Amino acid sequence: SLKEIPPIIKKIFIINDTGEKINKNINDKRITYLENNIPLGLSKSLENWSNEYLKYDLIFRLDIGDISNKERFYQQYNFMVRNKDHIICGYQTKLIYPNQFEKYTFTSVKSKLIKFILLFRNCLVHGSICIRSKSLKRIGGYNGNLKSCQDIDLYLRLINFGKFAIIKGDHHSHR
C-alpha cells in the first residue's frame, strides 16, 4: 500500500503473478499493470518484465502487504543522488507480526558490515530497497529459475559491484 505517490516516482509497475484479476482503480498515468495469465512465481515475473522496469535509473521495491509513505521514497532518492557509489539502499522496516508484536530491522550505512551480515542472514527487507537499474543489468537481473531466496541471490551477485546501505526511518512497515 502506498499512501501517496511522490512526484519523484516516474513510473510504477504493478506485477500481478496470481493469475487472478486485480482491482485497477488507482487513477494515475504513471501506473502500468503487468499481469501473467498463469502464476509463474515472483522471480520469473521480475525476469520476464525486466525490459519494462529496467528503463528507469532507480527502482523502488514495494511488496504486497507492505506500507510505505512518500517520505521513505524521498529519503532513499536523496541518499542515492548524494551517494553515487551505492547500488542498493534499503530502508529500516517495522515488522508487524500476527500477534501485533512489532520489531524494527537493522540499519547501517557501513557497506562492509551489511555485506558481511548478508553472508549469514538477510538484513535487507526486499520490499524496502531502492536499487540502481544499471547494477541489475550488469548481473543479468533476477534469476527466474529460483523458487525462493531470490533476494539473497541478487544481493550476493551484486556484492562486488558497489556499496550497500540501510537507512534509518519510520516510513515503511511489513506485515
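The values are calculated or read from the model by the stated rules, or taken from the named source; none is laboratory data. On a predicted model such as this, the values are computed, not experimentally measured, just so you know. Using ideal geometry, Cβ is built from the backbone for each residue, glycine included, and neighbour counts are taken over all protein chains shown. All accessible areas refer to the heavy atoms of the entire protein, side chains included, with ligands and DNA or RNA removed. Shrake-Rupley method; radii C 1.70, N 1.55, O 1.52, S 1.80 Å.
List the number of the failed condition for residue 89; all other conditions in (1) open to solvent by 60 Å² or more (accessible area, probe 1.4 Å); (2) under 18 Å from residue 160 (Cα atoms); (3) not in a loop (DSSP other than H, G, I, E, B) hold.
(1)
So residue 73 fits all but one of (1) surrounded by 18 or more Cβ atoms within 10 Å (Cβ to Cβ); (2) modelled with pLDDT under 80; (3) not small (Gly, Ala, Ser); what number is the exception?
Checking residue 73 against (1) surrounded by 18 or more Cβ atoms within 10 Å (Cβ to Cβ); (2) modelled with pLDDT under 80; (3) not small (Gly, Ala, Ser), the one that fails is (2).
How many residues, within the stretch 85-112, are more than 24 Å from residue 135 (Cα to Cα) and among the β-branched types (Val, Ile, Thr)?
2
Answer yes or no as to whether residue 37 is in contact with a Leu (Cβ under 8 Å, 6 or more places away or on another chain), at pLDDT below 75 and not basic (Lys, Arg).
In short, no.
Looking only at the stretch 35-62, which residues are assigned to a loop (DSSP other than H, G, I, E, B) and open to solvent by 40 Å² or more (accessible area, probe 1.4 Å)?
Once the filter is applied, which keeps residues that are assigned to a loop (DSSP other than H, G, I, E, B) and open to solvent by 40 Å² or more (accessible area, probe 1.4 Å), the stretch 35-62 yields 37, 38, 39, 40, 49, 55, 56, 57, 62.
Counting only residues that are in contact with a Phe, Trp or Tyr (Cβ under 9 Å, 6 or more places away or on another chain), at pLDDT 70 or above and part of a loop (DSSP other than H, G, I, E, B), how many does the stretch 9-34 have?
Result for the stretch 9-34: 3.
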